[in-house]
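Student: Have a look at this one.
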2 protein chains.
Amino acid sequence: MGIADELAKQQRAVSIAEFFERNRHLLGFDNKKKALLTVVKEAVDNSLDACEEAKILPQITVELIHMGEDRYRVIIEDNGPGIVQEHIGRVFAKLLYGSKFHSQRQQRGQQGIGISAACLYAQLTTGRPAKITSKVEGKKARYCELRLDTKTNEPQLLAEREVDWDCEHGVRIELDLEAQYQGGSQSVDAYIKQTAIVNPHATIIYTNPKAEQLILTRVTQELPPQAKEIKPHPHGIEIGVMQKMLENTEHTTMQQFLMNDFCRVGAGTAKEILSNALIQVKAQPKSLRAQDIEQLMKGIAKTKIIAPPTDCIVPIGEELLEAGLQKEVTAEFYCSKTRTPEIYHGIPFVVEVALAYGGTQRGDNAVNVLRFANKVPLLYQMRSGAVYKSIVETGWRTYGLNQSTNQLPVGPLTIAVHLASVWPPFTSEAKEALANYPQIIKEIKLALQECGRKLGRYVNKKKKARAEQERVSVFEAYTPVCAELLSEITGESKVRIEQHMTQMLVKNKEFIMKNKGIPDGHEKEN
Amino acid sequence: MGIADELAKQQRAVSIAEFFERNRHLLGFDNKKKALLTVVKEAVDNSLDACEEAKILPQITVELIHMGEDRYRVIIEDNGPGIVQEHIGRVFAKLLYGSKFHSQRQQRGQQGIGISAACLYAQLTTGRPAKITSKVEGKKARYCELRLDTKTNEPQLLAEREVDWDCEHGVRIELDLEAQYQGGSQSVDAYIKQTAIVNPHATIIYTNPKAEQLILTRVTQELPPQAKEIKPHPHGIEIGVMQKMLENTEHTTMQQFLMNDFCRVGAGTAKEILSNALIQVKAQPKSLRAQDIEQLMKGIAKTKIIAPPTDCIVPIGEELLEAGLQKEVTAEFYCSKTRTPEIYHGIPFVVEVALAYGGTQRGDNAVNVLRFANKVPLLYQMRSGAVYKSIVETGWRTYGLNQSTNQLPVGPLTIAVHLASVWPPFTSEAKEALANYPQIIKEIKLALQECGRKLGRYVNKKKKARAEQERVSVFEAYTPVCAELLSEITGESKVRIEQHMTQMLVKNKEFIMKNKGIPDGHEKEN
């Protein structure tokens, strides 16, 4: 038998679960500290998504219990709609299974990997099954113990029974895993606090392993508007995807196909595309050959089509983003900007930026950066993403901060950047940083500049005012000497002269403060 | 119907191909320039692996043809063993299919994603199928046109026939894709040159889109030794993997299981593990309950077991690595170090470092870094990997270079780092950088230090010699004046005195050069 045959015998399919089992760092399980964060993040993100979809004001309980050595128990409970019995296994113990991948709408979750990866990690490191309780309204609660069979990427049900659970609906997840608990900017604590900033409609009750409880109460009773689903826009489609859509469409004429499987294509636009492509309106989508499809792509490129609708994305809004930042950072000046939606690869997105300056923040360090995508805080890989690139490439010296070339500016400033999109492009499955798409970087920079200009006006006013004040102070220091001299010359009482001079100085200061806008510690520009 | 039921209706499985179709940047297809490199890299890596496995001295032809606008045709031909007919479809048009994932041995490829992803990218961007010709020794060549059905992750055969191909065996791949050709350190050109450095047994014939041909002839007729396959080492196994191995073993007693499914476990070690774990030698692997498995893990941890064998990894070797570097970089001093194998997570690995100093290299720039993993050059994400971290955290000032804290050193130096391992931990599926595992960083640093010390001796000698030389030169400048003075005092002829002094100086210089080791431009320390 030849070598080619021998090699052929070794060929095998790899299950996606085996793949991620070995490449767990791709999913955010590089080390024990990050693993703890990733597990909490995946569960909380799912809870927030489910509540939003079911129009429920979320209340989420997160509890971390130290079980000794490197073992932690993570318990997460929500008041979401629950998961119907038949799906529990696949939602928690099958990778690439979920409702979000095929829907064109802004959501926290994307591809049906996260929570199953968390269960898989727990299973790998402690051998313990995931314990899930789910209650759907009007039904009894179900309790399951689950494992993921990595050879097949299918769930194994180890136990299942009805249980009593004193709530209307919701899901409870209990996982034992190898982990490490630590504070700091990449901790579960930071994640929980930042999640509250961008989800002002959620109440989160968090108990850390030291049994300290943090209750973050919702600040609005209003649910955020729901993101609508959209169909793909013709200008964002690649030829390979078009081929697939043509094969799978249920419509029998090209005109119907274009009008129904895309957004922003009416009868007129469809006709124009087809005439530009030299394809008949009644041609069957499935009958198009390779060269016809190339013609079709050229036809689409030639045709003007209105930009996609943007109700598929829901920004946080300037007011709420700024309010959220005020909760977290004690500053003296805040401002924010929500840009109008833009498009990359046919996918709509919105960039929002908020700044908080001064106050209790240290002035001799690099600025503090908070990054969010679809209302989820991003805590890792700061330097490798679009947000970092946009900030270091913005000229902050114009706005009164110190900055070396290609470095973060230095000063008492917090910069929060939020990207809302149907499909935020992350640099890895662990969803830690936004990929460097030029269109996204451009929008972030524009938002930073708009806020930066407001900041610059404030910082420069403050600097000028301080300079004037210093001049006045110098004069003040000489008051007694001047008074004595004047007293000698005029014979007037030294004390009276000094009083008079001081009164003048005070008036002068008030005048400066009024006209140069010295901050009173609560000023807010908008 | 409740909201939970409605949500359940949207739940669907995502095909791995759909997942990567949308997340192509995870596989190295972020942009058109990188896409071209990735396609060439995946094909050439596969060719080198196949030739190595079949004990064939590789000859690989790479041709890039510009087809107009952003379209390029990539043709790669090798003299490997070929692929048997039944497997061609799945090798080139099914993700996660291959022979390498389940073998514990050093290889370039890993998970059966790369070349299928390349074909998928071509199909997405140009709609054209992959054209594959394969010839197995003694059979007629087969030609196929392939597409990957992303909904199912299965190959579609569009055409297939016997063809005449004037060679004994090999594979030819032809792909049309959207790409961009550019020179520079991240180009196909750089990849080809660096591949030749670390694969001195390969001949590569490369034609770029300008029709310029580069022929890199093999410098050794000797095949590198073949890496042997190994079984997992007990100390590198996690509890979740142990569970799976216990379920899937064909052995019926625990002793047999430990002896046969792991490396470095003989009868004695197996008994010791089991006695430490309080498990009977004849217990059935499949009968172990969760708490028994936890006991087993503790038993393994308690037992001393020899380190895994290291013939599963094959370093390049100090001599060949240095010779490779000499081909690429014109320097005046070279040195290299191959460390002894080490273990992380039960996986053996070897670090090799080579340095090239001086010569035509510029001295006012950051040093040039070449990174390799399993004989594959890594061209992207330099700053996010273990190699960069190791270099910037090494104190290069001791070795005579300039360096700011946490920056690359500055000087006329090229640093080449190679990691050979059964499973190099990459930071992404695109295999661009090595993840920051502490054990790997430690080994790289030690290798850098060993080479660094040799470099330091050379650089410091050179500096001292230069200082002496300068002193002599100063004296030389005064020779005529001294000679005149001495001539006046002694009455001796000025010319004779000057001649005499010059002779003395020359001797002195020779003496300095001999003792301080002034380089003659070709010196090589080893």
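The values are calculated or read from the model by the stated rules, or taken from the named source; none is laboratory data. Given the structure is predicted, the values throughout are model-derived calculations rather than measurements. Don't worry about glycine lacking a Cβ; one is built from the backbone with ideal geometry, like all the others, and counts go over all protein chains shown. Protein only, heavy atoms only, side chains kept; ligands, DNA and RNA dropped before computing areas. Shrake-Rupley method; radii C 1.70, N 1.55, O 1.52, S 1.80 Å.
Student: Mind listing the label-point distances from residue B:363 to the same position on all other copies, shortest first, one decimal in nm, points 7 Å along Cα→Cβ?
Tutor: Once sorted, the set of distances for residue B:363 reads 4.3 nm.
Student: Quick check: at a probe of 1.4 Å, how many percent of the accessible area of region A:11-121 sits on carbon and sulfur atoms? Don't skip to the end; give the middle numbers.
Tutor: Values: 1320 of 3100 Å².
Looking at region A:11-121 in its full context, I get 43 percent from C and S.
Student: Turning to a different aspect of this structure: Can you check what the net charge comes to around residue B:145, using other residues whose Cβ is under 10 Å from the Cβ of residue B:145 (Lys, Arg +1; Asp, Glu -1)? Write down the numbers at each step before the final one.
Tutor: On the way: positive: B:128, B:131, B:147, B:161; negative: B:160, B:174.
Every neighbour counted, the sum reads +2.
Student: Name all residues of region B:58-87 having a backbone nitrogen under 15 Å from the label point set 7 Å from the Cα of residue B:140 along its Cα→Cβ direction, giving them as ranges.
Tutor: B:85
Student: Can I ask one more? Using a label position 7 Å from Cα in the Cα→Cβ direction, what is the ascending list of nm distances from residue B:405 to the same site in the other copies?
Tutor: Shortest to longest, the spacings are 2.2 nm.
Student: While we're here: Within a 10 angstrom radius of each residue's Cβ in A:417-430, how many Cβ atoms of other chains show up on average? Whole number is fine.
Tutor: Numbers: counts 0, 0, 0, 0, 0, 0, 2, 0, 4, 3, 8, 7, 5, 1.
Mean partner shielding for this stretch: 2.
Student: Taking 7 Å along the Cα-to-C-beta vector as the label spot, tell me the residue B:281-residue A:500 distance in nanometres, rounded to one decimal.
Tutor: In this crude spin-label approximation the distance works out to 11.2 nm.
Student: Could you give the nm distance between label points at residue B:13 and residue A:474, where each point is 7 Å from its Cα heading toward the beta carbon?
Tutor: About 7.9 nm, to one decimal.
Student: Now a separate question. Go from 0 up to the bin containing the longest alpha carbon distance in region A:37-77, width 5 Å each, and give me the % of pairs per bin.
Tutor: Histogram of Cα-Cα distances, whole percents per bin: 6, 21, 27, 20, 12, 7, 5, 2, 0.
Student: Between residue A:463 and the same site in the other copies, what are the distances in nm, shortest first, taking label points 7 Å from Cα along the C-beta direction?
Tutor: Those label-point separations list as 4.0 nm.
Student: Hey, another quick one. Whenever you get a sec, compute what percent of the accessible area on region B:128-187 sits on carbon and sulfur atoms (1.4 Å probe). Please list the in-between numbers first.
Tutor: Details: 1200 of 2970 Å².
Whole-percent figure for carbon plus sulfur exposure: 40.
Student: Would you mind working out the accessible area per residue for region A:1-100, using a 1.4 Å probe, and quoting it in Å²? Working shown, then result.
Tutor: Details: 3390 Å² over 100 residues.
Accessible area per residue, region A:1-100: 34 Å².
Student: Please average, across the residues of A:234-240, the number of beta carbons from any other chain that are within 10 Å of each residue's own beta carbon, and give a whole number. The partial results should precede the final answer.
Tutor: Details: counts 0, 0, 0, 0, 7, 7, 13.
So the per-residue partner count for this stretch is 4.
Student: Sequence gap at least 6, Cα distance under 8 Å: using those rules, report the relative contact order of chain B to the nearest whole percent. Numbers along the way, then the final one.
Tutor: Values: 1020 pairs, mean separation 63.4, N = 526.
Relative CO of chain B lands at 12 percent.
Student: Which of the lysines could a cross-linker bridge to residue A:464, judged by Cα under 24 Å and excluding same-chain residues fewer than eight apart?
Tutor: Reachable lysines: A:454, A:507, A:509, A:514, A:516, A:524.
Student: Over the protein assembly as shown, with a single point scatterer placed on each C-alpha, what log10 of the ratio I(q)/I(0) does the Debye formula yield at q = 0.05, 0.08, 0.09 1/Å?
Tutor: The computed values of log10 I(q)/I(0) come out as -0.41, -0.96, -1.17.
Student: Now for a different question. Roughly speaking, to the nearest percent, how much of region A:347-408's 1.4 Å accessible area is carbon and sulfur?
Tutor: Working: 960 of 2330 Å².
That fraction is 41 percent.
Student: Over the heavy atoms of residue A:506, what accessible area does a 1.4 Å probe trace out, to the nearest 10 Å²?
Tutor: Number for this one is 80 Å².
Student: When a/c reaches 1.5 or more, the comparison of a/b and b/c decides; with that in mind, is region B:2-99 rounded, prolate or oblate per its Cα gyration tensor? Show your work: numbers first, answer last.
Tutor: Numbers: a/c = 3.30, a/b = 1.72, b/c = 1.92.
Oblate, since a/c reaches 1.5 and b/c is not below a/b.
Student: Residue by residue through region A:30-36, which ³J(HN,Hα) values in whole Hz follow from phi under the Karplus form 6.51 cos²θ - 1.76 cosθ + 1.60 (θ = phi - 60°), with glycine and proline marked x?
Tutor: Karplus-based 3J(HN,Hα) across region A:30-36 equals 5, 8, 5, 5, 5, 4, 4 Hz.
Student: How much accessible surface does residue A:245 have with a 1.4 Å probe, in Å² rounded to 10?
Tutor: 40 Å²
Student: Convert 25 °C to kelvin, take the viscosity as 0.890 mPa s, use the Kirkwood radius over C-alpha pairs of chain B as Rh, and evaluate the Stokes-Einstein diffusion coefficient in µm²/s, rounded to a whole number.
Tutor: On the way: Rh = 26.9 Å.
The diffusion coefficient I find is 91 µm²/s.
Student: Among B:501, B:117, B:129, which residue has its Cα positioned farthest towards the positive end of the charge dipole of chain B, with +1 placed on the Cβ of Lys and Arg, -1 on the Cβ of Asp and Glu, and the dipole taken about the Cα centre?
Tutor: Of the listed residues, the answer is B:501.
Student: Can you tell me, using C-alpha contacts under 8 Å and at least 6 residues apart, the relative contact order of region A:240-302 as a whole percent? Spell out each step's value before the answer.
Tutor: Values: 68 pairs, mean separation 22.9, N = 63.
Computed over region A:240-302, the figure is 36 percent.
Student: For the full complex of protein chains and a 1.4 angstrom probe, list A:298, A:32 by accessible area with the highest value first. Please list the in-between numbers first.
Tutor: On the way: A:298 120, A:32 70 Å².
Sorted by accessible area, descending: A:298, A:32.
Student: Counting pairs of alpha carbon atoms under 8 Å apart in space and at least six apart in sequence, what relative contact order in percent does region A:16-216 give? Could you put the intermediate results ahead of the total?
Tutor: Working: 428 pairs, mean separation 54.9, N = 201.
Value for region A:16-216: 27 percent.
Student: Please give every one of the lysines within straight-line cross-link reach of residue A:271, meaning a C-alpha to C-alpha distance under 16 Å, and leave out same-chain neighbours fewer than 8 residues apart.
Tutor: Partners found: A:282, A:298, A:302, A:304.
Student: Using only Cα atoms, tell me the angle between helix B:318-328 and the longest principal axis of chain B; keep it within 0 to 90° and round to the nearest 10.
Tutor: 70 degrees
Student: Using the basic label-point model (7 angstrom from Cα toward the beta carbon), what is the residue A:31 to residue B:152 distance in nanometres?
Tutor: 4.5 nm
Student: Please compare each pair in A:94/A:131; A:55/A:100; A:41/A:135 to a cut-off of 19 Å on the Cα-Cα distance and tell me which ones are over it.
Tutor: Details: A:94/A:131 15 Å; A:55/A:100 17 Å; A:41/A:135 21 Å.
Where the Cα-Cα span goes over 19 Å, the pairs concerned are A:41/A:135.
Student: Something else about it: For the interface of B with A, what's the total buried accessible surface in square angstrom, probe 1.4 angstrom, rounded to the nearest hundred?
Tutor: Numbers: alone 26280 and 26300 Å², together 46560 Å².
Roughly 6000 Å² of accessible surface disappears when B and A pair.
Student: Next up: For region A:196-253, which trypsin sites (Lys or Arg not before Pro) pass both filters: DSSP loop (anything but H, G, I, E, B) and at most 16 other C-beta atoms within 10 Å? Provide the component values of the computation, followed by the final result.
Tutor: Values: sites: A:210, A:218, A:228, A:244; in loops: A:210, A:218, A:228.
For trypsin sites (Lys or Arg not before Pro) across region A:196-253 that sit outside H, G, I, E and B with at most 16 neighbouring Cβ atoms in 10 Å, the list reads A:210, A:218, A:228.
Student: Compare each residue of region A:75-95 in its chain alone against the assembly with all protein chains, and report those whose accessible area goes down by 50 Å² or more; 1.4 Å probe, heavy atoms.
Tutor: A:84
Student: To continue, here is another question. Leaving ligands, DNA and RNA out of it, work out the accessible area of residue A:457 with a 1.4 Å probe and give it in Å² to the nearest 10.
Tutor: 140 Å²
Student: Can I ask one more? Please give the length that would be gained between residue B:180 and residue B:57 if that part of the chain were fully extended, namely 0.36 nm times their separation in residues minus their C-alpha to C-alpha distance (nm, one decimal). Present the calculation step by step, with values, prior to reporting the outcome.
Tutor: Numbers: separation 123, 0.36 × 123 = 44.28 nm, distance 3.12 nm.
Taking 0.36 nm per residue and subtracting the Cα distance, the gain is 41.2 nm.
Student: In deg cm²/dmol, rounded to 500, what helix-only [θ] at 222 nm does chain B give when every DSSP H run of at least 4 residues adds -39500 (n - 2.57) and the total is split over its residues? Let's see the in-between values first.
Tutor: Details: 14 runs with 205 residues, N = 526.
Computed mean residue ellipticity for chain B: -12500 deg cm²/dmol.
Student: Normalised radius of gyration for region A:240-302, please: alpha carbon Rg relative to 2.2 N^0.38 Å, two decimal places. Spell out each step's value before the answer.
Tutor: Numbers: Rg = 10.1 Å, N = 63, 2.2 N^0.38 = 10.6 Å.
The reported ratio for this selection is 0.95.
Student: Could I ask something else about it? Which order do B:364, B:166, B:30 take when ranked by solvent-accessible area (1.4 Å probe, heavy atoms of all protein chains), largest first? It would help to have the intermediate numbers written out before the result.
Tutor: Values: B:364 100, B:166 155, B:30 70 Å².
Ranked list, largest accessible area first: B:166, B:364, B:30.
Student: Still on this structure, I have one more. If you place +1 on the Cβ of every Lys and Arg, -1 on the Cβ of every Asp and Glu, and leave all else neutral, what size is the dipole of chain B about its Cα centre, to the nearest 20 Debye?
Tutor: Numbers: 68 positive and 64 negative charges, 249 e Å.
The dipole magnitude comes to about 1200 debye.
Student: Work through the residues other than residue B:328 whose Cβ is under 13 Å from its Cβ and net out their charges, Lys, Arg +1 and Asp, Glu -1. List each step's numbers first, then the result.
Tutor: On the way: positive: B:193, B:327; negative: B:189, B:322.
Net charge in that neighbourhood comes out at 0.
Student: About the Cα centre of the protein assembly as shown, what is the dipole size in debye to 20, counting +1 per Lys and Arg Cβ and -1 per Asp and Glu Cβ, all else neutral? Spell out each step's value before the answer.
Tutor: Working: 136 positive and 128 negative charges, 181 e Å.
The calculation lands at about 880 debye.
Student: Then there's this: Can you give the FRET efficiency for residue A:260 and residue A:222, using 1/(1 + (r/R0)^6), R0 = 41 Å, r = Cβ-Cβ distance, to the nearest 0.05?
Tutor: Working: r = 34 Å, r/R0 = 0.84.
Once rounded, the FRET efficiency stands at 0.75.
Student: How charged is the neighbourhood of residue B:61? Take every other residue with its Cβ under 11 Å from the Cβ of residue B:61, and add Lys/Arg as +1 and Asp/Glu as -1. Intermediate values should be presented prior to the final figure.
Tutor: Details: positive: B:172; negative: B:63, B:77, B:78.
My count for the surroundings of residue B:61 gives -2.
Student: Order A:259, B:242 by their accessible area, 1.4 angstrom probe, all chains in place, largest first. It would help to have the intermediate numbers written out before the result.
Tutor: Working: A:259 60, B:242 0 Å².
The ranking, largest first, comes out as A:259, B:242.
Student: While we're on this one: Based on the Cβ-Cβ distance of residue B:450 and residue B:211, what FRET efficiency does E = 1/(1 + (r/R0)^6) give at R0 = 41 Å, to the nearest 0.05? Write down the numbers at each step before the final one.
Tutor: On the way: r = 44 Å, r/R0 = 1.08.
Step by step, r from the Cβ atoms, then E = 0.40.
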